[in-house]
1. Step by step: first the residues of the stretch A:59-92, then only those that are within 14 Å of chain B (Cβ to nearest Cβ) and in contact with a Gly (Cβ under 7 Å, 6 or more places away or on another chain), then the one that is surrounded by the fewest Cβ atoms within 10 Å (Cβ to Cβ). Which residue is that?
2. Would you tally the residues in the stretch A:1-25 being surrounded by fewer than 18 Cβ atoms within 10 Å (Cβ to Cβ) and within 13 Å of chain B (Cβ to nearest Cβ)?
3. Among what's in the stretch A:28-42 and is more than 9 Å from chain B (Cβ to nearest Cβ) and under 16 Å from B:Gln98 (Cβ atoms), pick the residue that is surrounded by the fewest Cβ atoms within 10 Å (Cβ to Cβ).
4. Quick check: is even one residue across the stretch A:43-53 touching a residue at least 60 places away in the same chain (Cβ under 8 Å), more than 12 Å from chain B (Cβ to nearest Cβ) and of a type outside the set (S, T, N, Q)?
5. For the stretch A:21-71, which residues satisfy the criterion of being within 22 Å of A:Phe97 (Cα to Cα) and assigned to a loop (DSSP other than H, G, I, E, B)?
6. Residues B:Ser53, B:Ser80: which one is part of a loop (DSSP other than H, G, I, E, B) and surrounded by fewer than 18 Cβ atoms within 10 Å (Cβ to Cβ)?
7. Could you please tell me which pairs satisfy a Cβ distance under 9 Å, a separation of 6+ or placement on different chains, a first residue in the stretch B:69-89 that is touching a residue at least 12 places away in the same chain (Cβ under 8 Å), and a second residue that is basic (Lys, Arg) and part of a strand (DSSP E or B)?
Amino acid sequence: EAGVTQFPSHSVIEKGQTVTLRCDPISGHDNLYWYRRVMGKEIKFLLHFVKESKQDESGMPNNRFLAERTGGTYSTLKVQPAELEDSGVYFCASSHFGTGDGYTFGSGTRLTVV
Amino acid sequence: KQEVTQIPAALSVPEGENLVLNCSFTDSAIYNLQWFRQDPGKGLTSLLLIQSSQREQTSGRLNASLDKSSGRSTLYIAASQPGDSATYLCAVKGSARQLTFGSGTQLTVLP
């Protein structure tokens, strides 16, 4: 099966600009997650979709971040306007429905805000 | 709040050695624990998934154990190779269905 696909793989934007990250989960996976790793810190949870619904967005840092999951398929994470502290690697993961299922991660998007 | 700690933060060993990476977590109410590998500039590759009811999982030269009651897991790598060099991450899945990650162990296997 195809894995979790993320693009772009890298993005360099100026402070104040908008960036949209995209994630295509494994087909049939109801659960989609966004995580990020900022420099020197652990990977942290951002939010969780079950199909098209936001199940948990407690990790979203502020209202400059907006995530959507159209029709329960792919997801986008928009940062508007971007700030310097948003730089890091943004990971997407998906899992089948079930609390015991493991996660499959994408290769991540490295975002640099200058 | 779940906290995950990985020890050591970095490890350098000669090729052929057996080694153990440690992971501890503060809240034993978990669904499962997953070990990942991350190569520089790359994504996370799942190595082993241990359900809360299991004690260990094995894949090739890798063996992961789980002692839920004491909040500990170990990843054992047998006969290490230079290709095993990477950062190894431990993550637990709790009731909120999100993963809590440790900060990782950076492993270097010297030829």
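All of the numbers you see were taken from the coordinates with simple rules; none came from a lab. As the structure is a computational prediction, the values presented were derived from the model and not from experiment. Here Cβ is always computed from backbone atoms with ideal geometry, including for glycine, and neighbour counts include all displayed protein chains.
1. If we take residues in the stretch A:59-92 being within 14 Å of chain B (Cβ to nearest Cβ) and in contact with a Gly (Cβ under 7 Å, 6 or more places away or on another chain), then A:Val89 is surrounded by the fewest Cβ atoms within 10 Å (Cβ to Cβ).
2. The qualifying residues number 5.
3. The residue in question is A:Asp30.
4. Within the stretch A:43-53, none of the residues are touching a residue at least 60 places away in the same chain (Cβ under 8 Å), more than 12 Å from chain B (Cβ to nearest Cβ) and of a type outside the set (S, T, N, Q).
5. Once the filter is applied, which keeps residues that are within 22 Å of A:Phe97 (Cα to Cα) and assigned to a loop (DSSP other than H, G, I, E, B), the stretch A:21-71 yields A:Pro25, A:Ile26, A:Ser27, A:Gly28, A:His29, A:Asp30, A:Lys51, A:Glu52, A:Glu57, A:Ser58, A:Gly59.
6. From the options B:Ser53, B:Ser80, the qualifying one is B:Ser53.
7. Hits for this filter: B:Asp84/B:Arg37; B:Ala86/B:Arg37; B:Thr87/B:Arg37; B:Tyr88/B:Arg37; B:Leu89/B:Arg37.
Let's see how each residue does on (1) farther than 24 Å from A:Phe105 by Cα; (2) crowded, with 21+ Cβ neighbours inside 10 Å:
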residue: B:Leu11; (1), (2): yes, no
residue: B:Gln38; (1), (2): no, yes
residue: B:Thr58; (1), (2): no, no
residue: B:Ser70; (1), (2): yes, no
residue: B:Thr74; (1), (2): no, no
